[in-house]
Every structure is written in C-alpha cells, then in structure tokens.
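The values are calculated or read from the model by the stated rules, or taken from the named source; none is laboratory data. Just so it is clear, the structure is predicted and the values come from calculations on it, not from any experiment. Cβ sites come from the backbone with ideal geometry, for glycine too, and all protein chains shown count toward neighbours.
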Amino acid sequence: MPEFTFFKPAGVPKAELPEIQLTVEELEAVRLRDLEALEYEECAQKMSVSRPTFHRIIVIARKKIAEALVNGSALRVTGGNFSLAKHQLACRACGHHWEDIMCCRRTRCPICQANDWHKVDI
C-alpha cells in the first residue's frame, strides 16, 4: 500500500482543486515501469495480469498523472481491484515465523514488534 495518497499543487487550497482518482494498481504500474524500469512483461507478471492488461493500466495511469500535472488538479490514490500477496516471514530478533504481507515500513513481528524480518523461502 502506498504511504502517500494525496498530491496537490502548492499554494492552492484543497477545496478549490478538481480531484483525479488514481487507483492503487495504476500507481503500482507506474512504480514498476517508470521508477523500477522493469520491462512490460516483468511488470505484468509482478502484478499477475496479462501484458495487454498491464499496458492498459499504465496508459490510463500516465494520462491521469499528466492531466493532474498540466491542469493543476489534485491527485488521490485510492481504491482499485487488487489483493496483497502474503508471504512466510521470520523475525531476526526473536525467531518467530508468521504469514503476512511484506511492507518494509509497516510489517512488524506480532510477538516482539521488531521490524527486522525476512522472507522465508519455502
């Protein structure tokens, strides 16, 4: 899940701005392709969608972002049709094993609350 979900032009009150909705999967598509510079096929695999579906998602996302930047609209990341993958994790601090999503900022050991964990290869 994204840590930041709302972006707006500086100096304009939020109430005065039109708002564009960017879905979580649209943001993930932009992150994978434009920030991580992965190839389309790899992006599609990571998102568990077909390559044509990934292409449609990224085209829509880029159009929304361009519209917000050019026209001075607010951009809100919300909703979408997705599920977060769960993985087997192990705490390096106390050794506890559990299943959860992997989020470097938010995932903590349910026993000792440490954020020093790793994915367990099964």
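Taking segment 100-117 as the range and being at pLDDT below 85, in contact with a Lys or Arg (Cβ under 7 Å, 6 or more places away or on another chain) and not aliphatic (A, V, I, L, M) as the test, only D100 passes.
Look at E28 and say whether it is in a helix (DSSP H, G or I), within 24 Å of K86 (Cα to Cα), modelled with pLDDT under 95 and of a type in the set (D, E, K, R). So E28 fits the description; yes. Residues that are within 13 Å of the chain's Cα centre (by Cα) and in the same structural domain as S73 (by TED's automatic domain parsing) occur in segment 46-54; there is at least one. Within segment 57-66, the set of residues being closer than 13 Å to E28 by Cα and surrounded by fewer than 17 Cβ atoms within 10 Å (Cβ to Cβ) comprises V59, I60, R62. One residue alone among E99, E28 is under 23 Å from H118 (Cβ atoms) and within 12 Å of the chain's Cα centre (by Cα), and that residue is E28. If you check E25, E36 for being surrounded by 15 or more Cβ atoms within 10 Å (Cβ to Cβ), closer than 23 Å to T107 by Cβ and among the charged types (D, E, K, R), only one passes: E25. Taking the criterion of being among the basic types (K, R) and either on the phi > 0 side of the Ramachandran plot or touching a residue at least 12 places away in the same chain (Cβ under 8 Å) (or both), the only residue of segment 44-61 that qualifies is K46.
In segment 31-55, what residues are outside any helix (DSSP H, G or I) and either in contact with a Leu (Cβ under 7 Å, 6 or more places away or on another chain) or not acidic (D, E) (or both)? Hits for segment 31-55 are A37, L38, S48, V49, S50.
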